[in-house]
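Accompanying notes for the structure given below.
Just so it is clear, none of the values below were taken in a lab; they were calculated from the coordinates. In this text, all values refer to a predicted model and were calculated from it rather than measured experimentally. When we count neighbours, we look across all protein chains shown, and the Cβ atoms used for this are built from the backbone with ideal geometry, even at glycine.
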Amino acid sequence: MATATPRPLPKAMRLTEAAAARVRDIMARADQPVVGLRIGVKNGGCAGMEYTMEWAAEKKPFDEAIEDKGVTVLIDAKAIMFLIGTEMDYQTSALKAGFIFNNPNQTSACGCGESVLLKPREVANSEGS
């Protein structure tokens, strides 16, 4: 009898090539060694929540580590349910440049785009109820 090989879990988050290139570029110029970019969410802003980003010198015990396009992204354990399915992009225009989060868990955003209202991702019950 053959043993079933577990199917790999889908990535909680993915990056576009533009986002990955920008993160690689910034990491190459970092003053101190970093293992990746830590992404999270916090309460704040007029819509309720804001994305957070910081360089990580080390992986915390409960961080979700994602490798995508040569970049390591660490997702804060408290944010994982809000970020599942998110695509991180980097866009430039004549007036601004920055990271954009295309998040299926976002229900609304403020007019300035600095804060969002997020709902936790619902997890389907494996028993069908």
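Brief remarks on what is shown
- For the range 13-118, the share of DSSP beta bridges that are antiparallel, to the nearest 5, is 80%.
- Spatially proximal lysines relative to K11 (Cα-Cα < 24 Å; intrachain offsets below 8 disregarded): K42, K59, K60, K69, K78, K119
- Taking other C-beta atoms within 10 angstrom as a stand-in for reagent exposure, R14, R38 fall in the order R14, R38, fewest first.
- Loop sites in the range 41-94: GluC sites (Glu not before Pro), DSSP, at most 12 other Cβ within 10 Å: E58
- With semi-axes defined as the square roots of five times the eigenvalues of the C-alpha gyration tensor, the equivalent ellipsoid of the range 13-118 measures 22, 17, 12 Å, largest first.
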